[in-house]
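Participant: The structure under discussion is supplied below as structure tokens; questions concerning it will follow.
The values are calculated or read from the model by the stated rules, or taken from the named source; none is laboratory data. Not measured: the values here are computed from a predicted model. Counting neighbours? That spans all protein chains shown, and the Cβs are built from the backbone with ideal geometry, glycine included. Please note that ligands, DNA and RNA were not included when accessible areas were found on the heavy atoms of the full protein model with its side chains. Shrake-Rupley method; radii C 1.70, N 1.55, O 1.52, S 1.80 Å.
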Amino acid sequence: MAHRTADRPAPAGRPPASFPAELLPHLGVPDLDELVADQRAGRACVWGRQPIPLAAAVDLGEEKRDGIQAFPQACGQCIAQRAFDALAAHSIDCGPCHGEDWVNCPIGGGLYRLHRDARRLAKGNC
């Protein structure tokens, strides 16, 4: 059984990474079995596979399954793109989000804030 936590505060000096755990399925975080060791340890972006410094990593929460523990992280560029894509897909069928009224939708609002915050971190290519 998998267990993820994503709503813990980021350590001082790290990017804002506190977002509701229910957003993770919308972002398409790869399954634990698909990640290489550096991705499971949080040393490489889960999408771009490039090394990311701890100061620029967005914490995607801890995952524990079958005795394996992972700490997936993403770079700002990748998470901003994933949040934007997820918001676009979500807003098609969500009335408030379709009208850009994200404040009335916890998923749309969360994705919007995550995209906005992560975009500030997006520097260079992953």
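Participant: If you take just the helices (runs of 4 or more DSSP H) that sit entirely in the stretch 33-114, which of them hold at least 2 residues that are of a type in the set (G, A, S)?
Facilitator: Numbers: elements: 37-40, 76-93, 95-98.
Those helices (runs of 4 or more DSSP H) span 76-93.
Participant: While we're here: Give the number of residues within the stretch 52-82 that are open to solvent by 10 Å² or more (accessible area, probe 1.4 Å), touching a Cys at 6+ places or on another chain (Cβ under 8 Å) and not β-branched (V, I, T).
Facilitator: Qualifying residue count, the stretch 52-82: 5.
Participant: Let me ask something additional. Quick one: count up the residues across the stretch 41-51 that are open to solvent by 50 Å² or more (accessible area, probe 1.4 Å) and either at positive phi or of a type in the set (S, T, N, Q) (or both).
Facilitator: 2
Participant: Between a residue in the stretch 25-36 that is closer than 11 Å to W47 by Cα and any residue that is of a type outside the set (G, A, S) and part of a loop (DSSP other than H, G, I, E, B), which pairs come within a Cβ distance under 7 Å, given they are 6 or more apart or on different chains?
Facilitator: Every condition considered, the pairs that remain are V29/V46; V29/L60; V29/P72; P30/V46; L35/V46; L35/P72.
Participant: Name every residue in the stretch 1-45 that is within 19 Å of L87 (Cβ to Cβ), modelled with pLDDT of 70 or more and out of contact with any strand residue (DSSP E or B) (no Cβ under 7 Å at 6 or more places or on another chain), in order of residue number.
Facilitator: Answer for the stretch 1-45, where residues must be within 19 Å of L87 (Cβ to Cβ), modelled with pLDDT of 70 or more and out of contact with any strand residue (DSSP E or B) (no Cβ under 7 Å at 6 or more places or on another chain): F19, P20, E22, L23, P25, H26, L27, G28, V29.
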